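Below is one structure, written out as structure tokens; the observations come after it.
Derivation of every value follows stated rules applied to the coordinates shown; laboratory data play no part. A quick note: this is a predicted structure, and the numbers were derived from the prediction, not measured. Positions of Cβ are generated from backbone atoms using ideal geometry, with glycine treated the same way; all protein chains shown enter the neighbour counts.
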Amino acid sequence: MINPTFTYNNPNASCALCDRKKNPHPDYSHEPIVTTRLKLRRGDQDLCINCYWEIVALAMNSQANILDIVNEKLNMRRLITKNAPSISERYIRQPDNPNAASTKI
């Protein structure tokens with residue numbers, strides 16, 4: 001297992017997997033997220049402490065390599081983002097009438 005070094009109080013911190021920038025813990029909501037940097041084939045990526053430990057648990061349960069899991073998640077994220085319609089092409093239902101036709105936003 002990789003021994004992570006976590007970075008605290010970095011005002012520019014963000015997670016490459018969940019895009020989180022603010023600390024989700026209510027007692028620390030005034031602080032930026034805690035991140036660790038992983039060295040991947042495509043370059044260094046910062047992960048929040050929550051995503052990191054989630055991946056560690058997944059790696060331990062599946063006997064997979066942490067870096068392989070992160071690479072796979074980043075690849076899936078890129079594919080989803082690439083194939084997602086732009087916000088101008090999305091449709092939503094009117095909140096006051098869920099049976100009404102969708103409205104383009």
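Taking the Cα of residue 12, stepping 7 Å toward and past its beta carbon, and measuring to each backbone N in segment 46-85: which are under 19 Å? 46-49, by backbone N distance to the label point.
As a proxy for reagent exposure, ranking 47, 67 by other Cβ atoms within 10 Å from fewest up yields 67, 47. Proximity of backbone amide H atoms, modeled 1.01 Å from N, is registered between residue 7 and 35, 36 at under 5 Å, excluding neighbours fewer than 5 places apart on the same chain. Exposure proxy shown here: for 52, 8, the number of other Cβ atoms within 10 Å sets the order, fewest to most, as 8, 52.
Each residue in 7, 35, 81 was given a count of other beta-carbon atoms within 10 angstrom of its own, and listing them fewest first yields 81, 7, 35. What residues from segment 36-78 fall in the zone where the backbone N is under 17 Å from a label point 7 Å along the Cα-to-C-beta line of residue 19? Inside the label zone: 46-48, 51, 73-78.
When only alpha carbons of segment 6-68 are considered, Rg and Dmax amount to 12.3, 37 Å.
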